[in-house]
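All of the numbers you see were taken from the coordinates with simple rules; none came from a lab. Every value quoted in this text rests on a predicted model; they were computed, and no experiment measured them. A quick note on method: Cβ atoms are made from the backbone with ideal geometry, for glycine too, and the neighbour counts reach across all protein chains shown.
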Amino acid sequence: MSNRSSLGAKLIAAPYIVWSALFIIAPLIFVVYYSFTTADGSFTFANMAELGKYAPTFLRSIWFGIVATLICLVIAFPLAYFISQKTDKVQRTLVLLVMLPMWMSFLIRTYSWMALLQDTGLINGFLSKFGIDPVHMINTPGAVILGMVYNFLPYMIMPIYSVMAKLDYSMVEACQDLGGNRLTVIRRCIIPMSMPGVVSGITMVFVPSVSTFYISQKLGGGSFDLIGDVIERQFQQSYNYNLGAAISLVLMVLILICMAVMNHFTEDEEGMII
């Protein structure tokens, strides 16, 4: 009987294993291969040696990703808590409103912000009616971070909300019965219990923020490069797949390190709760 169950489990998992092998493991192998080879297939460390000149771009990308992620977290946490406190019908409506922008094309959403932020755009047109001089917003770091926050905010809200909606509020009531005020309840009870959703949200926002290239090209106007721009240029313009793969590999390692650090702190937090 156990052998049949084991065979059935393997058959059920087979499509997932095949999918992972074709679309996750195989691409990673190709990235590693191209990172350490030349155009003719010879082994080399030259691609890695060239990465030093992109250090400022890596740092800028990570910094923008951190800022965008923190802003998303500050906005998403209270909003997710607010949604989780409503009735089921209201929750479904609010979640629909959060997800509604995601039904539109990523390209259209980004172009919309271009129309809003341009020197002759809608925002400056509105300010001019009050005699306020145009504010230069487009092609700035602030515009790029704004685009990241707008496009990736739902990815922070939904994981946190999904955890908060399932919280055991008897723990909250116990904290209140022990004399905890609202701030204490949030700090000592709700935040620790919501950490799995927070970590998931941080990961889902930070990873695309660090590796994005379309937002920086349209809202940054080519004024500065992010690492996604460099990778895209190596593949689409320079056709230097080897260097592009090397940069992608380093970016992937950096992201994995950040995720490991966040998971480490999450485990420590869960240990403190226990």
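Some observations on this one:
- Spin-label model, LEU28 to LEU100: label points 7 Å out along the Cα-to-beta-carbon direction sit 4.0 nm apart.
- Expected 222 nm ellipticity per residue - DSSP helices of 4 or more, -39500 (n - 2.57), all of the chain, to 500: -23500 deg cm²/dmol
- Between ASP40 and ILE108, residue separation times 0.36 nm minus the direct Cα-Cα distance comes to 20.5 nm.
- Extension gain from SER223 to ALA55, taking 0.36 nm per residue of separation minus the Cα-Cα distance: 58.8 nm
- Formal net charge of residues neighbouring ASP225 (Cβ-Cβ distance under 11 Å; K, R +1; D, E -1): 0
- Reachable lysines, given that their alpha-carbon falls under 26 Å from the alpha-carbon of LYS89 and they are not under 8 places away in the same chain: LYS166
- Taking amide hydrogens as placed 1.01 Å from N in the peptide plane, the amide H of THR37 sits under 5 Å from those of THR44, each at least 5 positions away in sequence or on another chain.
- Working note: Karplus 6.51/-1.76/1.60 with θ = phi - 60° gives the stretch 218-224 the couplings 7, 8, x, x, x, 5, 7 Hz, where Gly and Pro are set to x.
- Of the trypsin sites (Lys or Arg not before Pro) found in the stretch 30-107, those that fall in a DSSP loop while having at most 16 other beta-carbon atoms within 10 Å are LYS86.
- Placing R0 at 35 angstrom, the Cβ-Cβ distance between ARG233 and SER128 gives a FRET efficiency of 0.45 after rounding to 0.05.
- Rough spin-label spacing in nm, given labels placed 7 Å along Cα→Cβ, for ARG187 and TRP19: 4.4 nm
- DSSP H segments from the chain that extend 18 Å or more along their own axis, Cα-based, with Kyte-Doolittle mean of 1.0 or above: 55-84, 141-164, 195-211, 241-273
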